[in-house]
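The next block holds one structure in the form of structure tokens; read it before the comments.
The values are calculated or read from the model by the stated rules, or taken from the named source; none is laboratory data. Quick caveat: nothing in here was measured; it's all calculated off a predicted structure. Here the Cβ positions follow ideal geometry from the backbone for every residue, glycine too, while neighbour counts run over all protein chains shown.
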Amino acid sequence: MAVDENRLRAEGLYECREPVGNLTADLDQIQSMAAGWHHSRKQRGIWTTVLWIVGVICFMTGALWWLGIILFAAGGWLLHDMKSYPKAVANHEERCTFGRSMTAMLAADTDPTEPIAIRVAFDAKEETISEGALLGRNNGKQRLYKVSWFSVQANLHDGTTFSETIDDLVRRRSFTNARGKSKVKVRTNNVIAMRFDYPSEAYGDMTPFRPKMEQEIQLPPGTIVRAVEISPKAIKVKALATQSGSATYLAQASSMLALGVYRILNLSREIEARKRAQAGQGGRP
Amino acid sequence: MTPPPPPLPPGWKCPRRVGFLFPHACLRTTPVGCPDCQNGMIEDPYALRTDRYGYSRYDYYADNYFLDLMPYYDPGVPAAPVDFTEADGADLVTPGDDFETDMSQS
């Protein structure tokens, strides 16, 4: 399916439900578009600066004031033209890299013809979690907000429905320092939330496996498990990546989290199979 | 020059396990050009994957894993076959609540 470029430009959003191969191709296309837009924006920014500096010099010489006006106008036009390349998409090219890593992971365990729902928001709205004064600082303010920019849902070969979301959790602090300068400090963490709606016919009841699962999940340095919730129908896990890093890092953390959950799901399936085998041999259930 | 592989019998099914998160049957109709078994060179592509980051021996569980969770565990009894096929429907489950969007636990 071709990428809806108009929607991408207007809303900064890619939302699709297609087989994994198509999604990967779409994300490739968006990434190359984003890289092109980033380059175009950068070029226009540089040329605007150059034209305005030369324009100022022309004004200062006096005789070429008319050339200064032309250069200023040309710089203004370039700046205006820059807006035709959406900043949000151009600056978040790495979200495509992350999306492709996720589709690559899912490709190994899904039917290639089965549609996967994916949403990548490049200009996701900020949802305020809390806002208030920052104690101990002049004019101190603190705002916590989240940005939900990625979600995916897929049906896997084993009958499990897998879904994942990524939220940026942002803390923005602003204050005036002792020298009277305004300062802004922003810290971003990533919340990785996964849900596995597993078929209990194959895996049995996963509830007793919670402690084992917490032990088994391995994550890269800087990422910690925040919550594991297991019911007879679904497993929900949340991890917090405190080193807001590259798309590759986030993809690694996501894959490792899913692998940790599945290591115990696989163990449970093995145990269920052994129980069935023992029951078949007339042993204890 | 490598001789061409012998022709496969009609209805041939790949006997190998593949997958990243869990093992399942390979749906390919020929091993030629297969990225998992690399033209039939790898006997167990699922167990021998090397892209699982820190999870070495992903497919191996020591006996204590079973003893902890299975009171009547007998290591001598082999498990029934558990590999999934495409026949295992994806509509066995329905996604439910909004855990992912609940920020109270993060």
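Values computed for the structure shown
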quantity	calculated
Complete set of residues in the range A:192-216 that are under 27 Å from A:Asp168 (Cα atoms), of a type in the set (A, V, I, L, M) and at pLDDT below 95	A:Met213
Complete set of residues in the range A:108-121 that are modelled with pLDDT of 95 or more and of a type in the set (A, V, I, L, M, F, W, C)	A:Ile116, A:Ala117, A:Ile118, A:Val120, A:Ala121
Breaking point among (1) part of a helix (DSSP H, G or I); (2) within 27 Å of A:Arg7 (Cβ to Cβ), for A:Val54	(2)
Residue selected from the range A:51-83 under the condition under 17 Å from A:His38 (Cβ atoms) and free of Cβ contacts under 8 Å to residues at least 40 places away in the same chain, by the criterion surrounded by the most Cβ atoms within 10 Å (Cβ to Cβ)	A:Leu78
Answer residue from the range A:148-163, given it is facing chain B (nearest Cβ under 8 Å) and part of a strand (DSSP E or B) and is nearest to A:Ala124 (Cα to Cα) among those	A:Ser148
Tally of residues being charged (D, E, K, R) and outside any loop (DSSP other than H, G, I, E, B) across the range A:120-145	4
Elements of type strands (runs of 3 or more DSSP E) contained in the range A:176-285, each with 3 or more residues being in contact with a helix residue (DSSP H, G or I) (Cβ under 9 Å, 6 or more places away or on another chain), in contact (Cβ under 8 Å) with a residue 60 or more places away in the chain and surrounded by 14 or more Cβ atoms within 10 Å (Cβ to Cβ)	A:182-197
Selection from the range A:98-119 of residues that are assigned to a helix (DSSP H, G or I) and buried (at least 17 other Cβ atoms within 10 Å of the Cβ)	A:Phe98, A:Gly99, A:Arg100, A:Ser101, A:Met102, A:Thr103, A:Met105, A:Leu106, A:Ala107
Unique residue being farther than 19 Å from B:Tyr61 by Cα, more than 7 Å from every other protein chain (Cβ to nearest Cβ) and within 22 Å of the chain's Cα centre (by Cα) when the list is A:Ala193, A:Ala251	A:Ala251
